[in-house]
1. Say whether the condition of being under 16 Å from Val97 (Cα atoms) and among the acidic types (Asp, Glu) is met by at least one residue in the range 227-236.
2. Counting only residues that are at pLDDT 80 or above, within 16 Å of the chain's Cα centre (by Cα) and in the same structural domain as Ile103 (by TED's automatic domain parsing), give me the helices (runs of 4 or more DSSP H) lying completely in the range 124-238 with at least 2 of them.
3. Of everything in the range 87-117 that's in contact with a Phe, Trp or Tyr (Cβ under 6 Å, 6 or more places away or on another chain) and under 27 Å from Gly221 (Cα atoms), which residue is modelled with the highest pLDDT?
4. If you scan the range 76-89, which residues turn out to be over 19 Å from the mean Cα position of the chain (by Cα) and not charged (D, E, K, R)?
5. Search the range 254-279 for residues being among the small types (Gly, Ala, Ser) and free of Cβ contacts under 8 Å to residues at least 60 places away in the same chain, and hand back the single one that is nearest to Phe102 (Cα to Cα).
6. Would you check if there is a residue in the range 290-306 being among the acidic types (Asp, Glu) and modelled with pLDDT of 95 or more?
7. What residue, among those in the range 61-113 that are assigned to a loop (DSSP other than H, G, I, E, B), without any contact (Cβ under 8 Å) to a residue 60 or more places away in the chain and polar (S, T, N, Q), is nearest to Leu42 (Cα to Cα)?
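The values are calculated or read from the model by the stated rules, or taken from the named source; none is laboratory data. Predicted, not measured: the structure shown is a model, and the values here were computed from it. Positions of Cβ are backbone-derived with ideal geometry, glycine not excepted, and every protein chain shown enters the neighbour counts.
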Amino acid sequence: MAKSKKTALQEKDGISISEITSNNAIEKLKKKRSTKIDVDTLIAAILSKDITALSRAITLIESKNPKHLEKANRIIKACLPHADKSVRIGITGVPGVGKSTFIETFGKHLTGMGKRIAVLAIDPSSSLTKGSILGDKTRMEALVRDKNAYIRPSASGDSLGGVARKTRETITLCEAAGFDVIIIETVGVGQSETTVHSMVDFFLLLKLAGAGDELQGIKRGIIEMADAIAINKADGDNLKAAKLAKTEFARALHLYPEKASDWQPKVTICSAVENKGIDTIWDIISDYVDTTTKNNYFRAKRNEQNKYWLVQTIEAQLKSDFFNQPKIKKELKKQLELIENNETTPFAAADYLLKLNN
């Protein structure tokens, strides 16, 4: 009787090559996941300008895992004495104004001057799925390849102001890693952009000509916070409109009260695509830093920002601690049902939950 052939599924004596390969891959993956994070090694690597270590540390501080909090705090504390030496620039503007293109051109200009720049690009998160595209690295191809540039896209999540949670700490890590300029690209224009303003030295507002934005110059809010306004896409047929918009915005800015920094906001035009006017914007930022350093406003502003972020951190932690309590989670669900059935009011429910916590 002929010996029957055995299939791979029927084979019992021995292990196939594919099985060995799969098992090895799984073991490697398990080992990688279980590798403990050596905080001291990570800190030393960050201070020696190791980008991989920087990325890993940022991931750690962005983690919502309570186990990572202690390690993240140790890293931040160790990096703090080596930070505070960069120029922090916030860049905002309506969607379509060309923020990513501008930042890439601006970034290449700075690296061409021998500076190291870090771009913290905030991607909007879906309010339904909580997901983000995080596509800034694909939009800034030339800057990604620049050895003196570092781009870190982060999801905005549910944090106020369209700023990723822990962005403030990320700035500290990037400064400790030796970056001269930190650029924060925000989601878009809105009242909550004040959060960005509270963590940068210079606030740049990008505008478009011929988009109905000129009349917005007489309104308060985002324009009042700007240290400079750049009319982007000032090229081709749009150049004339851009020059007109520059004049209108310059007139509008003179209507605002004088800033505590003694700095008069500037208006300029630029074309990120044609790389025109980019050097002028850096000159404006440099003038601002020189002016505010001499009159001590630069340091005073950073001190005020640190105090602000102390209060914000306490508020965020209290909120997290409150909602993560088992009894609050249980009672919150009941109160939401009572509100839905019109058996209580949101204010009465809040009062009940707060007293329950005492």
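1. Checked against the condition, which is being under 16 Å from Val97 (Cα atoms) and among the acidic types (Asp, Glu), the range 227-236 yields at least one hit.
2. Correct list: 167-176, 194-197.
3. Restricting to residues being in contact with a Phe, Trp or Tyr (Cβ under 6 Å, 6 or more places away or on another chain) and under 27 Å from Gly221 (Cα atoms), the top hit is Ile89.
4. Result: Ala78, Pro81, His82.
5. Ser271
6. Yes, because at least one residue in the range 290-306 is among the acidic types (Asp, Glu) and modelled with pLDDT of 95 or more.
7. Result: Ser63.
A quick yes/no check of all residues on (1) hydrophobic (A, V, I, L, M, F, W, C); (2) touching an Asp or Glu at 6+ places or on another chain (Cβ under 8 Å); (3) exposed (fewer than 11 other Cβ atoms within 10 Å of the Cβ); (4) in contact (Cβ under 8 Å) with a residue 24 or more places away in the chain:
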position	(1), (2), (3), (4)
Arg302	no, yes, no, yes
Asn306	no, no, no, no
Val311	yes, no, yes, no
Phe323	yes, no, no, no
Leu336	yes, no, no, no
Ile339	yes, no, no, no
Thr345	no, no, no, no
